[in-house]
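Engineer: There's a structure below that I have some questions on.
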Amino acid sequence: MIEVRNLVKKYGTHLAVDHLDFKIESGRIYGFLGPNGAGKSTTMNIMTGYLGATEGEVLIDGHDILKEPEEAKRHIGYLPEQPPLYVDMTVREYLEFAAELKGIPKAKREEEITEIEKLVKIKDVEHRLIKNLSKGYRQRVGLAQAVLGFPEIIILDEPSVGLDPKQIIEIRELIRKLAKNHTVILSSHILAEVREVCDYILIISKGKLVASDTPENLEKMLGEHNSVEIETEASPAEVRLILKNVPGIECVETQETGDGLTQAKITEKKGEDIRERVFTAFASAKTPLLTLKAAGMTLEDVFMELTQSDTVPDAFISGTKWEEAGTDAGDL
Ligand code: ADP
Ligand code: MG
């Protein structure tokens, strides 16, 4: 349905999207997950034709988003990070305007807008000015705009940013509802959110795709390496010495707590259970263990491991020429 091939985006010398390759199949909810600055919005802006790529291509149902933008865009509804709302219009006026831009035939407009207003629950505010709406309602108006024309693919950039917990639950329900008839791609920097709503996750870090699978598989794949956490009064060097000849250990990380204790995270080789061996090794060395606990690898660990960065500071921003992402009305 969507094919992204070898996608590269450079801002000046900064590589924001670094050779991305992936496919989106129909009928699923995809999550683009990555820390701020990972390149999610840039990728989505390119996929939806808002922004040109430096290299690579995006095919929407076989149509190149740059070479056949009209054909390609017909399949997509997009809610950008900053929705292009006209705040001096009423909700209804704005949706009529957006419907016209999308080329929805006049005869169908009224009916379709009413249907979508009901779907995203904004019918009761349709005559209010957008500028007087709460953030949650504005987000729904943005969503309504994306859903207009009922495109096969709906792309939502951080749809729940800035919403309160109740609004977040509402927007998630809406996304699930939309997913019954549409392919949905949403981005988020919050793992819990993506895990909760998506059935497939693409993890992006520093412009690169670092993992992609179902949440269950990501957890399973990386969760095969369980670990044991211990705490003892022995020094890190002593801990390593005691563990040196214990079979089944992949690696040991130690850390001093400051109050004379050493904490160690001992990662097992795949399929091993080293708890008893660790306990016995410390007992034979007459070094008491104050704690010993088994820990699986959670999706949080996976995410942290994959995206841990030596953080890209703001430094390059001042030295880089900012390009404007075209967000004028014509791009709706
Ligand atoms: P995300 O949506 O994952 O937070 P973005 O796609 O917005 O990430 O940004 C990716 C990287 O590109 C960041 O380092 C960001 O600072 C940089 N960037 C984004 N837009 C521009 C721009 N218009 N000009 C220069 N750098 C940009
Ligand atoms: Mg973003």
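Engineer: Within region 164-185, can you find the residues that are more than 16 Å from ligand 1 (Cβ to nearest atom), crowded, with 18+ Cβ neighbours inside 10 Å and farther than 16 Å from ILE122 by Cα?
Structural biologist: Those that are more than 16 Å from ligand 1 (Cβ to nearest atom), crowded, with 18+ Cβ neighbours inside 10 Å and farther than 16 Å from ILE122 by Cα: ALA179, HIS182, THR183, VAL184.
Engineer: A further question on this structure: State all residues of region 1-29 that are near ligand 1 (Cβ under 10 Å from one of its atoms) and in a loop (DSSP other than H, G, I, E, B); if no residue qualifies, say none.
Structural biologist: GLY12
Engineer: So which residues in region 25-47 are more than 25 Å from GLN308 (Cβ to Cβ) and modelled with pLDDT of 95 or more, if there are any at all?
Structural biologist: Across region 25-47, the qualifying residues are ILE29, ASN45, ILE46, MET47.
Engineer: Just wondering, is there one or more residues in region 73-87 that are within 12 Å of ligand 1 (Cβ to nearest atom), out of contact with any helix residue (DSSP H, G or I) (no Cβ under 6 Å at 6 or more places or on another chain) and within 20 Å of ASN132 (Cβ to Cβ)?
Structural biologist: Yes; the residues of region 73-87 include at least one that is within 12 Å of ligand 1 (Cβ to nearest atom), out of contact with any helix residue (DSSP H, G or I) (no Cβ under 6 Å at 6 or more places or on another chain) and within 20 Å of ASN132 (Cβ to Cβ).
Engineer: Which pairs have Cβ atoms under 8 Å, sit 6 or more apart or on different chains, and link a residue in region 35-50 that is among the aromatic types (Phe, Trp, Tyr) to one that is part of a loop (DSSP other than H, G, I, E, B) and near ligand 1 (Cβ under 7 Å from one of its atoms)?
Structural biologist: TYR50/ALA325
Here's the yes/no breakdown for (1) part of a helix (DSSP H, G or I); (2) surrounded by fewer than 17 Cβ atoms within 10 Å (Cβ to Cβ); (3) not aromatic (Phe, Trp, Tyr):
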residue: GLY31; (1), (2), (3): no, no, yes
residue: THR42; (1), (2), (3): yes, no, yes
residue: GLU57; (1), (2), (3): no, yes, yes
residue: ALA72; (1), (2), (3): yes, no, yes
residue: TYR78; (1), (2), (3): no, no, no
residue: TYR86; (1), (2), (3): no, yes, no
residue: LEU95; (1), (2), (3): yes, no, yes
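Engineer: Restrict the check to region 199-210 and report whether at least one residue is in the same structural domain as MET47 (by TED's automatic domain parsing), charged (D, E, K, R), surrounded by fewer than 16 Cβ atoms within 10 Å (Cβ to Cβ) and out of contact with any Phe, Trp or Tyr (no Cβ under 6 Å at 6 or more places or on another chain).
Structural biologist: yes
Engineer: Among the residues of region 39-64, what is the count of those that are more than 16 Å from ligand 1 (Cβ to nearest atom) and more than 21 Å from LEU202 (Cα to Cα)?
Structural biologist: Selection size over region 39-64: 3.
Engineer: Given the options GLU110, GLU170, GLU158, GLU117, name the one that is among the acidic types (Asp, Glu), under 26 Å from TYR50 (Cβ atoms) and assigned to a helix (DSSP H, G or I).
Structural biologist: It is GLU117.
Engineer: Out of the residues in region 185-207 meeting the condition of being touching a helix residue (DSSP H, G or I) at 6+ places or on another chain (Cβ under 6 Å) and more than 16 Å from ligand 2 (Cβ to nearest atom), tell me which one is farthest from LEU15 (Cα to Cα).
Structural biologist: VAL197
Engineer: For region 232-251: of the residues being charged (D, E, K, R), loosely packed, with under 15 Cβ neighbours inside 10 Å and in contact (Cβ under 8 Å) with a residue 24 or more places away in the chain, which is nearest to ALA294 (Cα to Cα)?
Structural biologist: Step by step, filter region 232-251, then rank; the result is GLU250.
Engineer: Next up: Only residues in region 102-120 that are more than 22 Å from ILE171 (Cβ to Cβ) count as the first member; pair them with residues that are assigned to a helix (DSSP H, G or I), Cβ under 7 angstrom, at least 6 apart or cross-chain, and list the lot.
Structural biologist: Every condition considered, the pairs that remain are ILE104/GLU112; ARG109/GLU96; ARG109/ALA99.
Engineer: In addition: Out of region 28-43, which residues are within 13 Å of ligand 2 (Cβ to nearest atom) and either farther than 23 Å from ARG176 by Cα or in contact with a strand residue (DSSP E or B) (Cβ under 6 Å, 6 or more places away or on another chain) (or both)?
Structural biologist: Scanning region 28-43 gives PHE32, LEU33, GLY34, PRO35, ASN36, GLY37, ALA38, GLY39, LYS40, THR42, THR43.
The values are calculated or read from the model by the stated rules, or taken from the named source; none is laboratory data. These numbers were taken from a predicted model, which means no experiment stands behind them. Glycine also receives a Cβ, built like all others from the backbone with ideal geometry; neighbour counts cover every protein chain displayed.
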